[in-house]
Amino acid sequence: MTVWEDLVGQDRVTEQLTAAARDAHAYVAAVDSGAEPDLSGSAMTHAWLFTGPPGSGRATAARAFAAALQCTSPDLALGGRPGCGFCDGCHTTLVGTHADVDVIRTDLLTIGVKETRDLVRRAQLSPAGGRWQVIVLEDADRLTEGAGNVLLKAVEEPAPRTVWLLCAPSGEDALPTIRSRCRHLALRTPPVAAVADVLVRRDGIEPDVARAAAHATQGHIGRARRLATDAEARGRRAAVLKLPERLTDVGGCLRAAQELVDAAAADAKQLAEELDEKETEELRAALGAAEGKRLPRGTAGAMKELEDRQKRRATRTQRDALDLALTDLAGFYRDVLARQFGSSVALAGGESAEAVERVAVATGPEQTLRRMEAILDCRRALDRNVAPLLAVEAMTVALR
């Protein structure tokens with residue numbers, strides 16, 4: 001299996017990255033032979049920006065390209081395609097153990113100046129394996145303005161064998177100065193049929209379940225896999241899709257809002273408890289604290305820093321869970337609007353078809369559009385750090 005097979009429905013992007021990886025291999029071979037090649041005019045460059053909607057596979061494309069750059073397959077000398085998936089370079093890159101590939105992702109709301117400076121320093125090192133030093137920044141949209149300015153210089157004047165792979169939802173989410181210095185690759189939402197096929201072929205999921213999950217998530221690969229394999233995720237989605245018909249009075253709106261926020265908080269807490277306990281024990285062991293004993297003198301600051309980071313991660317996790325519920329809710333009203341205009345487009349929430357029909361008959365397109373706008377307003381409010389309960393309460397009252 002090549003490294004490109006996880007990149008679903010992105011044939012054009014795969015072709016571009018394959019051509020760039022070939023040119024990169026030719027560049028390395030020429031340098032190793034003592035020549036002085038030039039990348040200008042080739043398909044390869046030192047900075048890339050991968051954009052696309054959630055679930056399109058931005059990070060997957062970046063990691064596949066990183067693996068292709070590190071590919072050491074003997075077939076390359078015979079004109080083979082980079083990214084075989086079997087050689088040591090491909091395998092260690094994909095499992096996250098390659099010495100020259102750094103994959104940066106964050107559980108926090110932002111990436112600050114300090115972390116970015118550390119990253120830039122690492123990028124100046126020569127590759128240990130003699131090929132490329134690859135930095136994959138999966139959350140480039142979370143860079144603060146100061147962090148973006150720190151990164152700009154490194155992207156503008158990279159080390160000879162350093163490649164930056166930045167991922168963001170859209171080009172507008174990256175600083176214009178950084179965006180202008182990167183080669184831009186725009187990914188699309190994968191076709192529903194292609195996502196269902198991947199779930200069946202790679203994850204062994206039953207075809208009917210795979211198709212239902214792919215339709216429900218409208219081509220979002222990660223969410224489709226979770227929905228197909230996690231009964232609790234299916235239960236939470238079913239509860240969200242029942243919400244529109246519960247908003248009959250103000251009391252019902254407020255109760256529904258509280259339930260949405262509580263469910264997101266519970267989801268975040270479940271994830272946090274697993275990670276927090278592991279991180280805390282690892283840090284205590286690293287600081288030399290015996291089990292059940294107090295921390296050594298002078299180490300309280302390190303524990304406090306870890307606790308602060310865990311709180312910020314919990315905040316982001318709760319917002320992500322809320323945003324997922326709002327996305328499902330927006331999909332419900334999208335189906336309502338489609339029915340009101342007589343469209344035969346397949347329902348995103350097939351299990352809620354009867355509720356969609358009832359709401360579509362009882363209301364008009366203008367009301368549906370206003371409700372979709374209320375959901376969008378709630379997502380914007382959460383992005384601006386409005387208290388989650390207040391934002392969701394305002395939305396549910398508007399939906400009524």
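The values are calculated or read from the model by the stated rules, or taken from the named source; none is laboratory data. Everything numeric here is computed off the predicted structure, so don't read it as measured data. All Cβ positions, glycine included, derive from the backbone under ideal geometry; neighbour counts span all protein chains shown. Note: accessible area is taken over every heavy atom of the protein model, side chains too, but ligands, DNA and RNA are not part of it. Shrake-Rupley method; radii C 1.70, N 1.55, O 1.52, S 1.80 Å.
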Of the residues that sit in the stretch 76-113 and are at pLDDT below 85 and assigned to a helix (DSSP H, G or I), which one is surrounded by the most Cβ atoms within 10 Å (Cβ to Cβ)?
Leu76
For Ala353, all conditions in the list (1) buried (at least 18 other Cβ atoms within 10 Å of the Cβ); (2) at pLDDT 75 or above; (3) hydrophobic (A, V, I, L, M, F, W, C) hold save one; what is the number of the exception?
(1)
It is to be established whether one or more residues within the stretch 245-252 are among the β-branched types (Val, Ile, Thr), in a helix (DSSP H, G or I) and either more than 30 Å from Ala224 (Cβ to Cβ) or at pLDDT below 75 (or both).
yes
Considering the stretch 155-190 alone, what residues qualify as being more than 26 Å from His220 (Cβ to Cβ), open to solvent by less than 50 Å² (accessible area, probe 1.4 Å) and in a loop (DSSP other than H, G, I, E, B)?
Pro158, Ala159, Arg161
Which residues, counting only those in the stretch 10-65, are open to solvent by 20 Å² or more (accessible area, probe 1.4 Å), touching a residue at least 24 places away in the same chain (Cβ under 8 Å) and not in a loop (DSSP other than H, G, I, E, B)?
Gln16, Ala19, Arg22, His25, Asp32, Arg58, Ala59, Thr60, Arg63
From the list Cys182, Cys167, Cys90, pick out the single residue that is within 22 Å of Asp11 (Cα to Cα) and in contact with an Asp or Glu (Cβ under 7 Å, 6 or more places away or on another chain).
Cys167
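Of all residues in the stretch 203-220, count the ones that are over 15 Å from Gly331 (Cα atoms) and in contact (Cβ under 8 Å) with a residue 24 or more places away in the chain.
Matching residues across the stretch 203-220 total 2.
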Condition first: of a type in the set (Lys, Arg) and either in contact with a Pro (Cβ under 8 Å, 6 or more places away or on another chain) or over 23 Å from Asp173 (Cα atoms) (or both). Now tell me which residues in the stretch 365-389 satisfy that.
Arg370, Arg371
Of all residues in the stretch 378-400, which are in a helix (DSSP H, G or I), closer than 19 Å to Glu259 by Cα, free of Cβ contacts under 8 Å to residues at least 24 places away in the same chain and open to solvent by 50 Å² or more (accessible area, probe 1.4 Å)?
Leu390, Ala394
Of the residues in the stretch 221-274, those that are in contact (Cβ under 8 Å) with a residue 60 or more places away in the chain and open to solvent by 60 Å² or more (accessible area, probe 1.4 Å) number 8
How many residues does the stretch 114-134 hold that are open to solvent by 30 Å² or more (accessible area, probe 1.4 Å) and of a type in the set (A, V, I, L, M, F, W, C)?
2
